[in-house]
Amino acid sequence: MAIELAPLPLPPSADASKFTEFGKEVKGVDPGNLSPKELEEIQQLLYKHDALLFRNCELSPEQQYALTKAFDPASESYGHGNNKTESTKKSILHPDLKTIPRVPQVQLIGNGTVYNHEGLAEARLKHPSHTTFHKTRVSPEDEAAGATRFYRWHIDAALYKLAPPKVTTLYGLTVPQGPPQVCRYDDGTGDELPVPLGTTAFVSGRTMFEILPPELKSVAVRARVRYAPHPYVWMSPARALSTGLGIESEGKELPLSELPEWTEEDVKVFPVLWKNPVTQALHFQVHPAGAQELLIAALPEGAKREGALFPDGAHITDLKEVRDLLYKMQRPAIAPSLVYPHDWHEKDLVLFHNRGVLHSVVGAFTPDQVRAFHQCNLAASSDPVGPSEEDVARWA
């Protein structure tokens with residue numbers, strides 16, 4: 001049976017004209033048992049469309065690991081290091097992940113208590129919620145009435161020592177049902193997004209770049225981000241913006257001297273724009289919560305200087321200035337019309353191009369609502385590729 005593609009089930013809030021290429025539902029193949037030819041086709045489709053949905057899959061942890069690894073055969077460890085998130089107690093990721101013992105590259109995530117699951121006698125899962133991570137929160141009364149927020153817009157990546165995974169696979173095993181919620185931005189814009197309970201929200205990094213005005217495209221194509229060492233420990237005392245798109249600048253980050261041992265050579269500096277290996281498109285791929293500095297190259301010779309920002313380049317070390325500039329560039333792309341909030345069903349498998357999209361957990365569950373997902377991503381065998389000289393000449 002040939003592979004068939006169907007559009008993703010877009011909500012009424014989405015601007016369909018912005019999703020003509022983003023995301024496809026794949027039919028006609030078993031993602032746990034792909035032939036070499038099918039696998040090659042799926043790889044091409046993923047990089048072309050950035051997110052693929054498979055419905056009603058049977059997928060073991062071993063199969064999920066094998067599928068994820070196929071996108072980068074030289075990769076081996078989980079994106080944050082095997083068994084590392086549980087050993088780093090100060091990391092903000094610590095409560096969210098439980099490792100499958102026999103396949104340490106696959107994590108159990110969700111909510112509530114799960115018993116006798118893939119070698120785990122008892123796993124207490126905690127769905128990450130804005131209520132513990134944002135500076136402000138939706139009131140308990142509004143939350144009871146269905147109001148919620150994005151938790152944290154991010155890329156799956158350690159952002160220190162390890163290269164960002166190329167692909168993440170998410171597999172829904174137990175999916176509690178409940179009334180829809182309204183995701184509030186609470187940033188003065190009045191923006192709101194109706195969402196299914198416990199959705200995963202996705203936005204396109206390609207769209208994030210393409211909708212920028214020319215002067216910000218010029219900055220993006222010339223810029224690199226320096227991430228903090230052990231960023232999830234560094235940011236742990238700080239709190240996030242109401243949109244989940246970065247951190248409030250209040251000076252609460254841990255001093256570098258209080259972080260676990262780190263070396264300068266393991267600190268990651270990535271281009272703001274990452275090049276898609278199949279389409280050659282540029283994707284705006286920045287994890288705003290972990291960013292510490294921005295390094296912006298000067299305009300290339302012959303480029304138009306009138307109206308240009310940072311024509312002579314810049315090294316921005318003021319954390320608030322770094323965050324404000326990134327927010328200015330990233331916020332337009334999380335507008336309600338540009339967000340795909342996936343409505344999970346049991347046995348849904350979503351593959352997404354982790355170097356081409358940003359995503360966020362959304363919503364909150366009550367303690368008795370049990371949710372269990374398997375997540376897999378693998379620290380890549382190489383770092384992302386940034387813009388070419390031709391790209392810089394075109395956009396700068």
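The values are calculated or read from the model by the stated rules, or taken from the named source; none is laboratory data. Since the structure is predicted, the reported quantities are computational estimates derived from the model, not experimental observations. All Cβ positions, even for glycine, are placed from backbone atoms using ideal geometry, and neighbour counts span all protein chains on display.
Summary table
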item	result
1 or more residues of a type in the set (Gly, Ala, Ser): qualifying strands (runs of 3 or more DSSP E) within the stretch 278-319	291-296, 314-316
Some residue of the stretch 293-315 being in contact (Cβ under 8 Å) with a residue 24 or more places away in the chain, in contact with a Phe, Trp or Tyr (Cβ under 8 Å, 6 or more places away or on another chain) and under 25 Å from SER129 (Cβ atoms)	no
Long-range neighbours under 6 Å by Cβ, at least six apart or interchain, first residue closer than 29 Å to GLU25 by Cβ within the stretch 322-343, second aromatic (Phe, Trp, Tyr)	TYR340/PHE202
Whichever residue in the stretch 39-71 is in contact with a helix residue (DSSP H, G or I) (Cβ under 7 Å, 6 or more places away or on another chain) and surrounded by fewer than 21 Cβ atoms within 10 Å (Cβ to Cβ) and, among such residues, is nearest to LEU108 (Cα to Cα)	ALA70
Condition met for PHE284 (over 26 Å from VAL106 (Cα atoms), buried (at least 22 other Cβ atoms within 10 Å of the Cβ) and either among the aromatic types (Phe, Trp, Tyr) or free of Cβ contacts under 8 Å to residues at least 40 places away in the same chain (or both))	yes
Tally, over the stretch 129-155, of residues that are outside any helix (DSSP H, G or I) and touching a residue at least 60 places away in the same chain (Cβ under 8 Å)	13
Test for ASP186: is it among the acidic types (Asp, Glu) and either buried (at least 23 other Cβ atoms within 10 Å of the Cβ) or out of contact with any helix residue (DSSP H, G or I) (no Cβ under 7 Å at 6 or more places or on another chain) (or both)	yes
Any hit, the stretch 81-95, residues being modelled with pLDDT of 95 or more, surrounded by fewer than 16 Cβ atoms within 10 Å (Cβ to Cβ) and of a type outside the set (A, V, I, L, M)	no
Helices (runs of 4 or more DSSP H) within the stretch 162-254 that include 2 or more residues among the basic types (Lys, Arg) and at negative phi	214-222
Close pairs from the stretch 247-271: first more than 30 Å from PRO387 (Cβ to Cβ), partner outside any helix (DSSP H, G or I) and charged (D, E, K, R), Cβ under 7 Å, at least 6 apart	GLU248/LYS135; GLU248/ARG239
